[in-house]
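S.K.: One structure coming up, written as structure tokens, with questions to follow.
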Amino acid sequence: MLAVDLDSVLPPDHQARLVWGYVERQDWSELENRIKARGSAPGRRAIDPRILFALWLYATLQGMGSGREIARLSRTHDAYRWICGGVGVNYHALNDFRAENERWFDELLSDNVAALAAIGVITLKRVAHDGVRVRANAGAASFRRRERLNKQLGLARELVRTLKEQVQADPGAASRREQAARERAAMQREQRIQAALARLPEIEEAKRRNGGKREDARASTTDAQASVMKMADGGYRPAYNVQYASDCASQMVVGVEVSTVGSDMAQLAPMVEQVEQRVGSTPEQWLVDGGFPAHEQIDAVTDKTEVYAPVPKPRPARDKRDKDDGSDGGQGTSGPDTQAAAKAAEPVAGSEFEPKPGDSPAVAQWRQRMASAEAREIYKDRAATAECVNAQMRNHGLQRMPMRGLLKARATALLHALAHNLRRMFVLAPQVLRTPAPSPRPSGCTA
């Protein structure tokens, strides 16, 4: 037992106080409405959602994503104890809060981005957009083909049926708690296999589009929505493709999305639309790398923003004889005709910037735009913003998804975006977070 004045253990400018100042300014009516009393029915005894959210924000700023570790630190670490204010927390409540509030996190990000834009912290003149592949909470060995999945589904159903028959035949054979745990685990496994089978047609179709065999498609029995993606080190692992759009002037995150597809090719237009919905306007310039600018995506956003992305160079046409047999005809040296063909095949400087047959007006404008020195100078902001934001996300714990499923992965990505924006507010707008006097701790229970 520690008899200590909690408010005296932290200096006035401690980061935990700034986090609490941010938390106090949010609208908590929706979350409080879930636990308040109604009529003659008492409210549910629950930890104040302000405490849970503040703990997650502060922990994310410290690069921590484990509910168990946060629960432990809330008893031993001064900053976490100050946030709790004497209220006991457990890891179940912490993990449930993060997993169940994806929509609320999304609305909070929209409110904060709009507020920061209103005071001029976010300018939205130029936005950089990039994806980062985050390892899923599933092993590579959990991926199975259709035949194996159907076999495992049959075994799982047989196990559930056997457990139920054992309870009916001899209810005292095992304690009710142990038997319920076994039955619950068997049913959860059956549900995960069914989810993997439901996801398999989507993976099979992707295999077909990429020229692979449909029968080679595999889905995970651990996290059915995870996909095998090529990672930054060149290896292939189960992962989610987390998309962040950031304001170049402030490095504030203004858009977040999570995809189960490893390619960025179809992510441009949805993110532009998302930012428009959050702020009510779109940036003048949108910076992406070479994985984004599919022609249909450029066409979709041409009336909303200017896309700045590298234009791929045309592949040089190879000499027909070289293409046919891959040799020089046994001469040992190149003849005049071969040299002329090779010279003609060399790409002409600036040729990739010339409009091509079949280009839409938007694509032709994009090609010509990227030919200028001004565009190349503007494009330098992409790496300085997007790569920096992605690196900071990884440095603060976004290395592996702590939860399974697309919605829970998105909740994790949104929480990291909120923490990142709060970290930028410490630098750009600290006056917004400071309170004139230490605020009182909230009660742990809401009646």
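S.K.: Given the criteria touching a Cys at 6+ places or on another chain (Cβ under 6 Å), open to solvent by less than 30 Å² (accessible area, probe 1.4 Å), at negative phi and outside any strand (DSSP E or B), does S74 qualify? Write out each step before concluding.
M.R.: Working: touching a Cys at 6+ places or on another chain (Cβ under 6 Å): yes; open to solvent by less than 30 Å² (accessible area, probe 1.4 Å): yes; at negative phi: yes; outside any strand (DSSP E or B): yes.
When the stated conditions are applied, S74 passes them.
S.K.: If I ask for residues that are over 18 Å from E183 (Cβ atoms) and free of Cβ contacts under 8 Å to residues at least 40 places away in the same chain, which ones from the range 140-163 would you list?
M.R.: Result: A141, E147, R148, K151.
S.K.: Can I ask one more? Using the structure shown, decide if V127 is buried (at least 21 other Cβ atoms within 10 Å of the Cβ) and of a type in the set (V, I, T).
M.R.: The answer is yes for V127.
S.K.: Condition check: at pLDDT 75 or above and among the basic types (K, R). Does R218 satisfy that?
M.R.: For R218, the condition - at pLDDT 75 or above and among the basic types (K, R) - is met.
S.K.: For the range 370-447, list the helices (runs of 4 or more DSSP H) that sit wholly inside it and hold at least 1 residues that are modelled with pLDDT under 90, surrounded by 15 or more Cβ atoms within 10 Å (Cβ to Cβ) and out of contact with any helix residue (DSSP H, G or I) (no Cβ under 6 Å at 6 or more places or on another chain); which are they?
M.R.: In the range 370-447, 406-428 are the helices (runs of 4 or more DSSP H) which contain 1 or more residues that are modelled with pLDDT under 90, surrounded by 15 or more Cβ atoms within 10 Å (Cβ to Cβ) and out of contact with any helix residue (DSSP H, G or I) (no Cβ under 6 Å at 6 or more places or on another chain).
S.K.: Next question, about the same structure. Just to be sure I understand the filter: pairs with C-beta atoms under 7 Å, separated by 6 or more residues or on different chains, first member in the range 74-100 and within 15 Å of Y58 (Cα to Cα), second member part of a helix (DSSP H, G or I) and among the charged types (D, E, K, R). Which pairs pass?
M.R.: Hits for this filter: S74/R81.
S.K.: Considering only residues that are among the hydrophobic types (A, V, I, L, M, F, W, C), open to solvent by less than 50 Å² (accessible area, probe 1.4 Å) and either touching a Pro at 6+ places or on another chain (Cβ under 9 Å) or under 28 Å from G291 (Cβ atoms) (or both), which ones fall in the range 197-235?
M.R.: Once the filter is applied, which keeps residues that are among the hydrophobic types (A, V, I, L, M, F, W, C), open to solvent by less than 50 Å² (accessible area, probe 1.4 Å) and either touching a Pro at 6+ places or on another chain (Cβ under 9 Å) or under 28 Å from G291 (Cβ atoms) (or both), the range 197-235 yields L200, I203, A206, A217, A219, A224, A226, M229, M231.
S.K.: Right, something else. I want to confirm something. Restricting to the range 77-87 and keeping residues that are within 15 Å of R50 (Cβ to Cβ) and open to solvent by 10 Å² or more (accessible area, probe 1.4 Å), which single residue is modelled with the lowest pLDDT?
M.R.: Among those residues, the one meeting the criterion is G86.
S.K.: Restricting to the range 236-261, name every residue that is over 24 Å from D381 (Cα atoms) and either open to solvent by 30 Å² or more (accessible area, probe 1.4 Å) or part of a loop (DSSP other than H, G, I, E, B) (or both).
M.R.: Y236, R237, T260, V261
S.K.: Being touching a strand residue (DSSP E or B) at 6+ places or on another chain (Cβ under 9 Å) and open to solvent by 20 Å² or more (accessible area, probe 1.4 Å) is the filter here; which residues of the range 93-124 pass it?
M.R.: D106, A117, V121, T123
S.K.: Could you list all residues from the range 101-137 that are among the small types (G, A, S) and in contact (Cβ under 8 Å) with a residue 40 or more places away in the chain?
M.R.: S110, A114, A117, A128, G131, A136
The values are calculated or read from the model by the stated rules, or taken from the named source; none is laboratory data. Owing to the predicted nature of the structure, the values given are computational and were not obtained by experimental measurement. Virtual Cβ from ideal backbone geometry, glycine too; neighbours counted across all protein chains shown. Keep in mind that these areas ignore ligands, DNA and RNA; they rest on the heavy atoms of the full protein, side chains included. Shrake-Rupley method; radii C 1.70, N 1.55, O 1.52, S 1.80 Å.
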